[in-house]
Amino acid sequence: MKIIRSLAELRETLSVRDKVRSLVPTMGYLHEGHASLIRDARRESEQVCVNIFVNPLQFNNARDFETYPVSEDHDRAICEEAGADIVFVPTASEMLGAGPALQMAMPALTKNLCGPFRPGHFEGVLLIVAKLFHLFLPHKAYFGKKDYQQFRVIQRMVEDLSFPIDIIGCETIREADGLAMSSRNKNLKPEHREQAALMIRGFRIAEKAFNNGNANPADLAEIAQDVMLTGPDNRVEYTQVVDPETLEVLQEIEGDFVIAAAMHCGEVRLIDNLLIRGG
């Protein structure tokens, strides 16, 4: 496994594109969810690249950026075990220079869910991921569906810019109690850990209500949110039922849908979602 820190070395290493190349972009502090993406890439390609970069452009909260967990030794061990060939670990100055003048946006897909609560977040995601695609020229790129809105935004960017890249969405990897694996879980206090799992529990109770005949999107969102709020330290930012493709908030359900939420559990902001089949 090769560790690369500079753009110049990365370009030299990847100058020949004679293998099926996959990219797994991450912000580090890797967990089993990331490892599963790397292993999927290993099975489906000849050269597996992992990027580790805590992108300051996608943080609209300075404290969230400052407290984001970082451990390069931890990440290197996971990458090696999962089968990565190349790990790119640039500094902010290497990736951003003095700061980009270019701005990218996708208003239609970011007006709901996390978009209104994280101004500038998706603009930062789009810019860095587009740059990574330009640098790595991968045939495939792997993203977890826990960040479902991010997954759709990147999918659409690839379509709009005609990148010759297959975007592979991978199912969320969960703890035994259903909590979605996340680098931010490390920051949960012990007394908040059980309360954090109320998000997926709320989604599943809403799914059961739908399967029992309740097809009102507002009712389903309220059912899920009420479950989350049984945790005394939980504060729900939003709970929405949206179309899986357009991410429009649904007024009625006619097919598959996604129920998604952002919740502050103590001081830690968590997101999750569940795709529910509409029959």
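Between E175 and T91, the simple spin-label model (points 7 angstrom out along Cα→Cβ) gives 3.6 nm.
Between E248 and D243, the built amide H atoms are under 5 Å apart, and every one of these is 5 or more places off in sequence or on another chain. Each Lys and Arg Cβ is given +1 and each Asp and Glu Cβ -1; about its Cα centre, the chain then shows a dipole of about 440 debye.
Relative to the longest principal axis of the Cα atoms of the chain, helix 72-82 runs at roughly 90 degrees. Taking the DSSP bridge list for the chain and keeping only pairs wholly inside it, about 50 percent are antiparallel.
Phi angles across region 248-254 convert, under the Karplus curve 6.51 cos²θ - 1.76 cosθ + 1.60 with θ = phi - 60°, into 3J(HN,Hα) values of 6, 5, 7, 9, 8, 9, 10 Hz, Gly and Pro given as x.
For region 174-226, what is the Kirkwood estimate of the hydrodynamic radius, computed as the reciprocal of the mean inverse distance between distinct Cα atoms, to one decimal in Å?
For region 174-226, the Kirkwood estimate is 12.1 Å.
Whole-Hz Karplus values for region 169-177 come out as x, 10, 5, 5, 8, 10, 6, 4, 8 Hz, taken residue by residue from phi with 6.51 cos²θ - 1.76 cosθ + 1.60 and θ = phi - 60°; glycine and proline positions read x. Pull out a ≥ b ≥ c, the square roots of the eigenvalues of the alpha-carbon gyration tensor of region 2-170, then state rounded if a/c is under 1.5, prolate if not and a/b is larger than b/c, and oblate in the remaining case. Cα axes put region 2-170 in the rounded bin.
Going by the alpha-carbon gyration tensor, a ≥ b ≥ c the square roots of its eigenvalues, is region 46-135 rounded (a/c under 1.5) or, if a/c is not under 1.5, prolate (a/b greater than b/c) versus oblate? Cα axes put region 46-135 in the prolate bin. Here the label points at T230 and A62, each 7 Å from Cα along the C-beta direction, are separated by 4.0 nm in the simple model.
Peptides 115-124, 268-277, ordered by how many other C-beta atoms sit within 10 Å of their residues on average, highest first, read 268-277, 115-124. Pairs of Cα atoms nearer than 8 Å and 6+ residues apart set the relative contact order; for the chain it is 17 percent.
With all projection directions averaged, the alpha carbon convex hull of region 183-273 covers 5.8 nm². Every pair of different Cα atoms in region 93-153 enters the Kirkwood calculation, which places the hydrodynamic radius at 12.8 Å. Counting only alpha carbon atoms, the long axis of helix 217-228 and the longest principal axis of the chain meet at about 80°. For T67, what is the net charge nearby, where nearby means another residue's Cβ is under 14 Å from its Cβ and Lys, Arg count +1, Asp, Glu -1? Here the charged neighbours net out to +2. Sequence neighbours fewer than 8 away in the same chain don't count; with that in mind, list the lysines whose C-alpha is under 24 Å from K186. By straight Cα distance, K186 reaches K145, K146.
With the helix formula -39500 (n - 2.57) applied to DSSP H stretches of n ≥ 4, the chain reaches a computed 222 nm mean residue ellipticity of -11500 deg cm²/dmol. Enter the angle in degrees (range 0 to 90, nearest 10) between the Cα long axis of helix 148-161 and the first principal axis of the Cα atoms of the chain, meaning the one along which they spread out most. For 148-161 against the chain, the angle is about 50 degrees.
Between A108, A261, A221, the residue with the greatest mean-square fluctuation in the GNM of the chain (Cα pairs under 10 Å linked by springs) is A108.
Toward the positive end of the charge dipole of the chain, with +1 on the Cβ of Lys and Arg and -1 on the Cβ of Asp and Glu, the farthest Cα among N51, L220, S15 is that of S15.
Any read-out appearing in this document is the output of simple, stated calculations on the displayed coordinates, not a laboratory observation. Bear in mind that the values here come from a model prediction, so they are computed numbers and not experimental data. For neighbour counting, all protein chains shown are included, and Cβ atoms are generated from backbone atoms with ideal geometry for every residue, glycine included.
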